[in-house]
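Visitor: The structure is given below, and queries will be raised subsequently.
The values are calculated or read from the model by the stated rules, or taken from the named source; none is laboratory data. Because the structure is a prediction, the values reported are computed rather than measured. Cβ atoms come from the backbone with ideal geometry, glycine included; neighbour counts cover every protein chain shown.
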Amino acid sequence: MQLRLRSEQAIQRHIDLNKSTLRTSADDIITIPVVVHVIYDREDNKIGGAGNPNITDEQIRNQIDVLNEDYGNTSGYKGFYTDSLGVDTGIRFKLVTVVRERTTKTQFNPLTDAATLAGISPAWFTNRYLNIWVCKLADRYLGTSQFPVVTEINDRTNGLSVSEDEEVDALTDGVIIDFRYFGRNSDAITSAVYNLGRTTTHEVGHWLGLIHIWGDTFCGTDYCEDTPVAYTKNETTDVSCTPVFSQCRGSNSRNMIENYMDYSPDACMSVFTDDQKARMQAIMQLSPRRAKLVEYSKLTDQNVKVEIYPNPVHEFLTADVYTPSYEPFTVSVLNDKGQKVLEDRVNRTYVDVKNFPGGLYFYKITTGGQTITKKFVVR
């Protein structure tokens, strides 16, 4: 709780100091590249159909369409607050690839199985891509996400340091969605309430730093002044979107059930507000992995770029890799005799070196047309 409070204070200070630059123009768009990991248990590898977690490419593409409509304020869905407070967030999404992995595990707990999912289908480096794992979730879970944790503003870098378990969190950073609520109007979708792709819109909102509009407590705060205070979540099957009101802080107000960060039925959702936009823009500057993602998204260089750290290293080696147009790459590690100690891996950006003998090694990146080799030392 103390960490969350310090994070909120830092975010708010940054927003207050940078209001003019955080309110980006319509032409200032940040495009987030997306990797979708489809985890399924069918031995026949069949794609698509009711009850099949191995969803179709079309279902995946239409989910990306939903994200772009919702974050661009072009969904066409209307509600009480839509025209007056709905904004284009300046954020868009680009599907880079779909990774399909079969497993014997039939369902997953989103609260405890993030590392398991990342073990089945390793994340593409999480400081450059939004990774979405789509699978069957246990119980009534629709999805979950990893919240970006920030602690304090660094005056020299105008950013925040992160307090986290880097060894685990950097490998699991992303969003997990049940396949039955991913995309819209697909044969695999079984809900009449959450059937238009807004579960992913909601969870990506968390990944970008947004909090539920009721503040996760009765009459709580989401730190956005233009979202009315709500007594609690709007968890209902009422797809007619009947108005809901709250008695909080001595006054009666209409809930923003249209907000993507409520639990409203998908058909009722249509709003991100200006303060939510400012918060997401701040997070993308203050969370180190989100900031690095934005930095990479703006590069147009045609040359591969590789940075590795720490160097020397004794536990985990991390690589920041840029390839033009998100081209996949392979990684191998060689010792000082030129022998491979790590075979070719696609888009591998974390290397466990704890069992490597001390000495000089080479981290080799290969794309279709370029090869980059970096030296590092294990101690």
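Visitor: Is region 274-291 home to any residue that is touching a residue at least 40 places away in the same chain (Cβ under 8 Å) and farther than 24 Å from Y129 by Cα?
Guide: Looking for residues that are touching a residue at least 40 places away in the same chain (Cβ under 8 Å) and farther than 24 Å from Y129 by Cα, one finds at least one in region 274-291, hence yes.
Visitor: Restricting to region 108-156, count the residues that are modelled with pLDDT under 90, surrounded by fewer than 17 Cβ atoms within 10 Å (Cβ to Cβ) and over 21 Å from I211 (Cα atoms).
Guide: Residues meeting the conditions: 4.
Visitor: Now for a different question. Among the residues that make up region 213-225, is at least one of them in contact with a Gly (Cβ under 8 Å, 6 or more places away or on another chain) and either farther than 17 Å from I283 by Cβ or without any contact (Cβ under 8 Å) to a residue 24 or more places away in the chain (or both)?
Guide: yes
Visitor: Only one residue in S325, S253, S264, S240 is over 19 Å from the mean Cα position of the chain (by Cα), at pLDDT 95 or above and among the polar types (S, T, N, Q). Which one?
Guide: Within the list S325, S253, S264, S240, the selection yields S264.
Visitor: On to the next question. So if I check each of D222, D226, which one is in a loop (DSSP other than H, G, I, E, B) and over 19 Å from T199 (Cβ atoms)?
Guide: None of the other options fit; the residue is D226.
Visitor: Take E343 and tell me if it is closer than 19 Å to F376 by Cα and either surrounded by 16 or more Cβ atoms within 10 Å (Cβ to Cβ) or of a type outside the set (K, R) (or both).
Guide: yes
Visitor: While we're looking at this one, here's another question. So, of the residues in region 87-108 that are in contact with a helix residue (DSSP H, G or I) (Cβ under 9 Å, 6 or more places away or on another chain) and outside any strand (DSSP E or B), which turns out to be nearest to T242 (Cα to Cα)?
Guide: For region 87-108, the residue satisfying everything is V87.
Visitor: While we're here: On the basis of being buried (at least 16 other Cβ atoms within 10 Å of the Cβ) and under 18 Å from T126 (Cβ atoms), does V353 make the cut?
Guide: no
Visitor: While we're looking at this one, here's another question. Among the residues that make up region 365-377, is at least one of them aromatic (F, W, Y), modelled with pLDDT of 95 or more and not in a loop (DSSP other than H, G, I, E, B)?
Guide: Yes, because at least one residue in region 365-377 is aromatic (F, W, Y), modelled with pLDDT of 95 or more and not in a loop (DSSP other than H, G, I, E, B).
Visitor: Among (1) touching an Asp or Glu at 6+ places or on another chain (Cβ under 9 Å); (2) crowded, with 18+ Cβ neighbours inside 10 Å, there is one condition S246 misses while meeting the rest; what is its number?
Guide: (1)
Visitor: OK, next. Is it the case that region 225-233 has a residue that's more than 23 Å from V66 (Cβ to Cβ) and acidic (D, E)?
Guide: yes
Visitor: Among (1) assigned by TED's automatic domain parsing to the domain that holds V34; (2) more than 30 Å from L210 (Cβ to Cβ), which single condition is R289 missing?
Guide: Answer for R289: the failing condition is (2).
Visitor: Those residues that are closer than 14 Å to I132 by Cα and among the aliphatic types (A, V, I, L, M), I need them from region 59-109; list them, please.
Guide: I60, I64, L67, L95, V96, V98, V99
Visitor: Would you please name the residue that is farthest from C241 (Cα to Cα), looking only at residues in region 183-206 that are touching a Leu at 6+ places or on another chain (Cβ under 7 Å) and surrounded by 21 or more Cβ atoms within 10 Å (Cβ to Cβ)?
Guide: Looking at the filtered set, the residue picked out is V204.
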